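Right, one structure below, let's go through it.
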Amino acid sequence: MKITVIGTGYVGLVTGVSLSEIGHQVTCIDIDTRKVEEMRKGISPIFEPGLEEMMKKNIAEKRLSFETSYKKGLSQSEIIFIAVGTPQKNDGHSNLEYIEKAAASIAEHVKQDAIVVTKSTVPVGTNDDIKKLIEEHLVSPVNISIASNPEFLREGSAIKDTFHGDRIVVGADDDQTAETLEQVFLPFGVPIYKTDIRSAEMIKYASNAFLATKISFINEISNICEKVGADIESVACGMGQDKRIGSQFLRAGIGYGGSCFPKDTNALVQIAGNVEHDFEILKSVIKVNNNQQEMLVDKVLNRLGGVTGKTIALLGLSFKPNTDDMRDAPSIVIANRLAALDANIKAYDPIAVSHAKRLLPEAVTYTKTIEEAVKDADAVMILTDWEEIKQFSLSAYKDVMKEAIIFDGRNCHELDEAVKAGVEYVSVGRKTVVPGTK
Ligand code: UDX
């Protein structure tokens with residue numbers, strides 16, 4: 001089918017490229033001329049494993065193209081995906097400005113009957129507004145159907161998730177639209193769940209809020225484990241074996257970040273508030289997550305008796321491994337707090353440094369290697385569980401640092417390894433290892 005994708009951020013680009021991979025004729029529209037020129041050459045603006053190869057292949061096979069003009073990009077499309085950003089406003093509500101602009105452009109340029117599918121995460125009911133907006137401004141006499149198709153991609157494994165996801169959700173209010181979209185997605189070989197539009201919109205928020213809840217729950221348990229002498233890794237393992245609970249998203253640490261969980265949990269609290277429902281659990285989930293990001297700094301402050309004038313090495317800056325995305329990364333909160341306390345901050349990340357420079361305090365200095373960051377540090381804080389950081393053994397810290405004190409916010413190492421290496425190792429929800437003790 002002839003498909004147009006509006007917006008080439010993480011969601012839009014992965015959607016467009018994947019749909020071309022399964023045989024559709026896809027045009028991706030973005031207003032950023034420079035970005036479009038790069039994408040035409042097969043250069044991906046985002047770091048996402050497997051994406052660039054797939055882009056190059058489908059451009060070469062003439063199934064994938066990029067446009068800055070809505071007129072050209074929408075001239076023949078049968079299905080139009082809206083995948084523009086819905087950033088968070090100061091009050092937690094979603095900013096729908098880009099969605100409204102996309103809808104207005106569709107109304108102006110669509111030339112034949114089409115299905116408009118919203119990929120962007122939008123508050124429940126927004127699709128009805130999009131339909132109204134398009135119909136009010138339609139220039140050509142065509143029929144527009146609306147559908148919701150929320151995305152569940154994880155950054156860093158977005159391509160894998162697209163082809164091996166647990167489900168594709170299609171929200172449509174008429175059977176024909178649902179069936180057409182089912183045909184579009186069928187080649188992915190992923191189960192398709194069809195429902196009404198408002199339920200599809202809610203599935204996205206509820207799924208992310210539930211996963212965030214799991215993380216905050218295990219983080220709270222980890223804080224209690226530290227006080228009662230239990231081990232969070234064993235607790236999570238024992239809990240996860242119960243299939244009703246499931247083992248995923250039970251990794252304790254310094255809390256969730258990224259482009260979805262913080263934004264979507266805040267938005268859902270607002271959505272609930274708008275219908276006079278006080279979403280108490282979710283408010284606590286957010287509060288626990290905010291506290292969790294501060295907790296590791298508190299541990300450093302207690303151990304070092306303050307950080308003023310001390311050198312702290314931050315290892316890993318992106319909100320999770322295998323991505324350069326710094327949106328709502330715990331490293332931002334942590335670096336700002338350390339900078340406010342006049343610590344000398346050295347930071348290392350395998351790929352997120354250029355993004356980090358825009359978001360972290362100016363006082364941070366960046367290093368090219370882990371060794372360089374930790375060499376003269378009074379303490380190390382592991383903030384992202386990059387494979388490279390996990391592979392840097394605890395005895396290697398001992399070799400490089402005067403006194404190796406490591407605060408691991410992601411539980412990258414076994415306690416036994418810390419005992420053997422003879423380093424001081426403070427992690428999350430586990431016993432602190434002090435050299436010379438067993
Ligand atoms: C998430 C959802 O998983 C995805 O379905 C949705 O579409 C977008 O949001 P993403 O933000 O890419 O994906 O990352 P994810 O792998 O889910 O991790 C989110 C955050 O939670 C990261 O900061 C990660 O470090 C943290 N996390 C995850 C934990 O702290 N513990 C866990 O057990 C799992």
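The values are calculated or read from the model by the stated rules, or taken from the named source; none is laboratory data. What you are looking at is a predicted structure, and each value in this text was computed from that prediction instead of being measured. No Cβ is skipped: glycine too gets one built from the backbone with ideal geometry, and neighbour counts run over all protein chains shown. Just so you know, the surface numbers come from the protein's heavy atoms only, side chains and all, with ligands and any DNA or RNA stripped out. Shrake-Rupley method; radii C 1.70, N 1.55, O 1.52, S 1.80 Å.
Things worth noting here:
- Residue match in the stretch 241-260 (condition: part of a helix (DSSP H, G or I), crowded, with 20+ Cβ neighbours inside 10 Å and within 16 Å of the ligand (Cβ to nearest atom)): no
- Test: residue in the stretch 200-212 that is more than 13 Å from the ligand (Cβ to nearest atom) and either without any contact (Cβ under 8 Å) to a residue 40 or more places away in the chain or open to solvent by 20 Å² or more (accessible area, probe 1.4 Å) (or both): yes
- Candidates 187, 191 - the one that is more than 16 Å from the ligand (Cβ to nearest atom) and either among the hydrophobic types (A, V, I, L, M, F, W, C) or surrounded by fewer than 17 Cβ atoms within 10 Å (Cβ to Cβ) (or both): 187
- Test: residue 300 is in a helix (DSSP H, G or I), touching a strand residue (DSSP E or B) at 6+ places or on another chain (Cβ under 8 Å) and modelled with pLDDT of 95 or more: yes
- The set of residues from the stretch 403-438 being under 20 Å from residue 224 (Cα atoms) and out of contact with any strand residue (DSSP E or B) (no Cβ under 8 Å at 6 or more places or on another chain) comprises 411, 414, 429, 430, 431.
- Within the stretch 111-136, considering residues that are part of a loop (DSSP other than H, G, I, E, B) and more than 24 Å from residue 272 (Cα to Cα), the one least open to solvent (accessible area, probe 1.4 Å): 112
- Selection status of residue 3, closer than 30 Å to residue 272 by Cα, of a type outside the set (Ser, Thr, Tyr) and in a strand (DSSP E or B): no
- For residue 318, the criteria (1) modelled with pLDDT under 95; (2) surrounded by 19 or more Cβ atoms within 10 Å (Cβ to Cβ) hold in every case but one, which is (1).
- When we screen 300, 307, 275 for residues that are open to solvent by less than 10 Å² (accessible area, probe 1.4 Å), more than 13 Å from the ligand (Cβ to nearest atom) and farther than 23 Å from residue 386 by Cα, the only hit is 307.
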